[in-house]
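The values are calculated or read from the model by the stated rules, or taken from the named source; none is laboratory data. These numbers were taken from a predicted model, which means no experiment stands behind them. Quick reminder, even Gly has a Cβ in these numbers, built from the backbone with ideal geometry, and neighbours come from all protein chains shown. These accessible areas exclude ligands, DNA and RNA; they are computed on the full protein's heavy atoms, side chains included. Shrake-Rupley method; radii C 1.70, N 1.55, O 1.52, S 1.80 Å.
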Amino acid sequence: MKEEYDIIVVGAGPAGSMAARFASEKGVSVLMLEKDRDVGYPVRCGEAISKAGVEEFIEPDERWITAHITKFSFIAPDNTEVTLQFDTEQEGYVLERRIFDYELAKTAVKEGAQILTRAYVNGLLFDDDKVAGVKYEHNGEQKELKAKIVIAADGVESRVGRWAGLTTHIDFRDMECCTQITAAEIPVAQDTLYFYFGKDIAPEGYFWVFPKGDNIANIGLGVSGMIGKKSSAISFLNNFMEKHYPGASVLTTIAGGVPSAITLDKISAPGIALVGDAARQVNPLSGGGIASGMIGASIAGTIAGDAIKMNKLDHLLTYDNAWRARLGKRHEIFNRIKEGIFNFSDEKFNNIAHSINKIPFEKRTLGRVFRTALLNQPSLLIDVAKVFIV
Amino acid sequence: MEYRQAKNSKLMIEILPDKCDFCGCCVGVCPEDAIELKEAEIFIIDERCTNCSKCIWSCPIEVIVFNKEGVVAK
């Protein structure tokens, strides 16, 4: 441990590790502080990701891939099933996050970053108005550590940004409140991600069954905090299991929150940048946050490293626009689509499913499916056109 | 289990630590930065809580509840 670091990264999830790695590549000193005792555990995730989202950052490795995904299956409220087969480029994986996160952290360490686990950051140090380090608890001792830049990768429960004066709390209506079990003997296709929709299944969200090989599956759902006012995610999960897989052996039960909204207005301030779930960089339509968090973090890490190398800390503030250009703007469109889908009635979901099933299986491209879906919701057409045409 | 009374005597929200999964949903939606979450330890900072209930609504597994007595401090 050094007395002082160029950059301190709070959190060692995928975003934290990528921020640390890309900063370290610039030849600056980086320390990651992780509050839990292990990197990669506990897992709070459905674990599905696109192949492209992984490959930008790490060579795929069978040790952390539990299933290779080539199909999506959407199940409407009336049980109509719509299956889409993807071409290889859109293929995805179901991960073993415990190993995946650990391997990502290793890539950061390889570049020179250091990690300290069981280090709970509970405050910031300031130099005038600029963030200048962190206060943290380690082995029961309260400590302080200076840094030129702090990168907050502290997840959905992020507080670091607030301490720096940024508005980071997420509206409860935008929080997808999730719970998931990993269960054995779930006989579903091992190359297909299953998504269920409907007001009795997962209103203002969706229900998923993601295979993990050997008929083990992640089964879970997210509902918005607005729904949570009346019924919690766990009650929907229990209903589903009773109906579809009564008596299934449950290996793990987890809870988690997905900030399903557009990125925060400001994700940098003097001496600090926010990445991943802490910056609300989740794709608000899918709820996927691993790939987009890693992208945000790689941008922030690179800019932070450059800022220190150039001895020009103001450079960090260019991160907001860089993120917006890469994905932030696109997430605003996805968020509008999500809000449209939230308002779909069960009848509309059923009608869409019936329309799509009239397209021959081999001709069901994502673009075509969306167009068909949109015949039922013309007001979304302009937004979707921006995603698929521009 | 140790109970800590609300300082302003109006805190009515309790997190059941034995059932909590420490997932952080509640921390994310709390507008007052009133929830402290460590590795496997969670509590409400009573002088900040306004009983707005957003944490209760966002808890996926129903471990945050109303409790007129006070708040559980681990």
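Computed about the Cα centre, the dipole magnitude for the protein assembly as shown is approximately 860 debye when only Lys and Arg (+1) and Asp and Glu (-1) carry charge, each at its Cβ. Counting only residues at least eight positions apart within a chain, or on another chain, the lysines with an alpha carbon under 23 Å from that of B:Lys19 are A:Lys35, A:Lys229, A:Lys230, B:Lys38, B:Lys54, B:Lys68, B:Lys74. Accessible surface of the protein assembly as shown, 1.4 Å probe: 49 percent of it comes from carbon and sulfur atoms. Just to be sure I understand: of the beta bridges DSSP finds with both ends in the protein assembly as shown, what percent are antiparallel, rounded to 5? In the protein assembly as shown, DSSP labels about 75 percent of beta bridges as antiparallel. Under the convention that each Lys and Arg Cβ holds +1 and each Asp and Glu Cβ holds -1, the size of the dipole of the range A:252-317 around its Cα centre is about 60 debye.
Is the range A:1-124 best put as rounded, prolate or oblate by its Cα gyration tensor, with a ≥ b ≥ c the root eigenvalues, rounded for a/c under 1.5, and otherwise prolate when a/b is larger than b/c, oblate when not? Prolate, because a/c is 1.5 or more and a/b exceeds b/c.
Entry note, chain A: the mean residue ellipticity at 222 nm calculated from DSSP H runs of n ≥ 4, each adding -39500 (n - 2.57), is -9000 deg cm²/dmol after division by the residues and rounding to the nearest 500. Comparing A:Gly11, A:Val258, A:Val209 along the charge dipole axis of chain A, the residue lying farthest to the positive side is A:Val258, per the Cβ-charge model.
Classification of chain A by its C-alpha gyration tensor yields a prolate form. The axis ratio a/c (a ≥ b ≥ c) is 1.5 or more, and a/b outweighs b/c.
Toward the positive end of the charge dipole of chain A, with +1 on the Cβ of Lys and Arg and -1 on the Cβ of Asp and Glu, the farthest Cα among A:Trp323, A:Ser232, A:Leu104 is that of A:Trp323. When peptides B:20-31, A:347-358 are sorted by average Cβ neighbour count within 10 Å, with the highest value leading, the order is B:20-31, A:347-358.
Here's how it looks for A:Leu124: its modeled amide H is under 5 Å from those of A:Lys135, which are all 5 or more places away or on a different chain.
In order along the range A:331-346, the Karplus-derived 3J(HN,Hα) couplings, from 6.51 cos²θ - 1.76 cosθ + 1.60 at θ = phi - 60°, round to 5, 5, 5, 4, 5, 5, 4, 4, 5, x, 5, 3, 8, 5, 7, 4 Hz, and Gly and Pro are given as x. Cross-link partners for A:Lys358 among the lysines, with Cα-Cα distance under 29 Å and sequence neighbours closer than 8 places in the same chain left out: A:Lys51, A:Lys71, A:Lys199, A:Lys243, A:Lys338, A:Lys348, A:Lys386.
Here the Karplus relation 6.51 cos²θ - 1.76 cosθ + 1.60, evaluated at θ = phi - 60°, turns the backbone of the range B:33-44 into coupling constants of 6, 9, 10, 9, 10, 9, 4, 9, 8, 9, 7, 8 Hz, with x for every Gly and Pro. Positive-end ranking of A:Phe126, A:Leu31, A:Asn350 along the dipole of chain A, with charges on Cβ about the Cα centre, is headed by A:Asn350. Model label points for A:Ser249 and B:Arg48, set 7 angstrom from Cα along the Cα-to-Cβ axis, are 4.3 nm apart.
Distance from the Cα centroid of the range A:123-190 to that of the range A:49-113 is 24 Å (rounded to whole angstrom). Judged by the gyration tensor of its Cα atoms, with axes a ≥ b ≥ c, the range A:10-72 is oblate; a/c meets the 1.5 cut and b/c is at least as large as a/b.
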